[in-house]
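Step one of this worksheet: look at the structure below.
The values are calculated or read from the model by the stated rules, or taken from the named source; none is laboratory data. Owing to the predicted nature of the structure, the values given are computational and were not obtained by experimental measurement. Cβ: placed from backbone, ideal geometry, glycine included. Neighbour counts: every protein chain shown.
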Amino acid sequence: MNMKLLPLFVFIISTTVHAERADRDKPINLDADKITVDDARKVHAFEGNVQFTQGTLVIKADKIIVTQDANGNQAGVATGGSGGLARFRQKREGRDDYIEGEADRIENDSKTDKSELFGHAKIRSGLNEVRGEYISYDGRTENYVVTNGPGGTVAQGPKAGRVHAVIQPKNKDGAKPAQ
């Protein structure tokens, strides 16, 4: 990526994930073909056509594993689903649009407020989109890292993929960009 575009890229991408904060106080609804609960280890496994809904947040996957630590912090891992990808969709804070994402595996940690998307990772917000093999988002700092290699690495060589971003211009008058 051209280093002159990096500040613009970071600004645009950081504005894409302002999820609806009220969702955290809403009840969670889960549907699955099978649920396994291990209260002793505080592990819940949801398998088969899983749909997780909390307020405007919807996660669809083949399998979701949720663990909870002694302080009540939860971590979740969603894998598989339609076309082999786990997917999420959530309304953005104070707006009438949504952020959507998909990957082979999506991990979220409530303690650190970090989300990671592994393999075929893509996030869309309005007409903006970013994709790569790995996307990490820190909800506290509102910073993204997108790489072309697995787990945050940068792949090199002729067969290395590229990170891709589509960033729409901001119009001064607030009008939507031409499509």
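General observations
- Boolean, residue 48 is within 24 Å of residue 118 (Cβ to Cβ) and at pLDDT 95 or above: yes
- A single entry from 59, 65, 35 fulfils the requirement of being under 15 Å from the mean Cα position of the chain (by Cα), assigned to a strand (DSSP E or B) and of a type in the set (Val, Ile, Thr): 59.
- Selection count, the range 127-157, where residues are at positive phi and in a helix (DSSP H, G or I): 2
- Residues (more than 21 Å from residue 32 (Cα to Cα), surrounded by 17 or more Cβ atoms within 10 Å (Cβ to Cβ) and of a type in the set (A, V, I, L, M)) located in the range 56-102: 99
- Against the list (1) outside any strand (DSSP E or B); (2) under 24 Å from residue 24 (Cβ atoms); (3) in contact with a helix residue (DSSP H, G or I) (Cβ under 9 Å, 6 or more places away or on another chain), the condition residue 170 fails is (2).
- Where a residue in the range 59-79 is closer than 9 Å to residue 44 by Cα and modelled with pLDDT of 90 or more and its partner, wherever it lies, is part of a loop (DSSP other than H, G, I, E, B) and among the hydrophobic types (A, V, I, L, M, F, W, C), with Cβ under 8 Å and at least six apart: 64/32
- Selected residue (criterion: nearest to the chain's Cα centre (by Cα)) from residues of the range 153-175 that are surrounded by 10 or more Cβ atoms within 10 Å (Cβ to Cβ), modelled with pLDDT of 80 or more and among the polar types (S, T, N, Q): 153
- Qualifying position, being among the charged types (D, E, K, R) and in contact with a helix residue (DSSP H, G or I) (Cβ under 6 Å, 6 or more places away or on another chain), among 102, 116, 142: 142
- A count restricted to the range 100-142 and to residues that are modelled with pLDDT under 85 and β-branched (Val, Ile, Thr) stands at 1.
- Within the range 41-56, tally of residues that are farther than 22 Å from residue 95 by Cβ and outside any strand (DSSP E or B): 2
- Flag for residue 87 being part of a loop (DSSP other than H, G, I, E, B) and at pLDDT 85 or above: no
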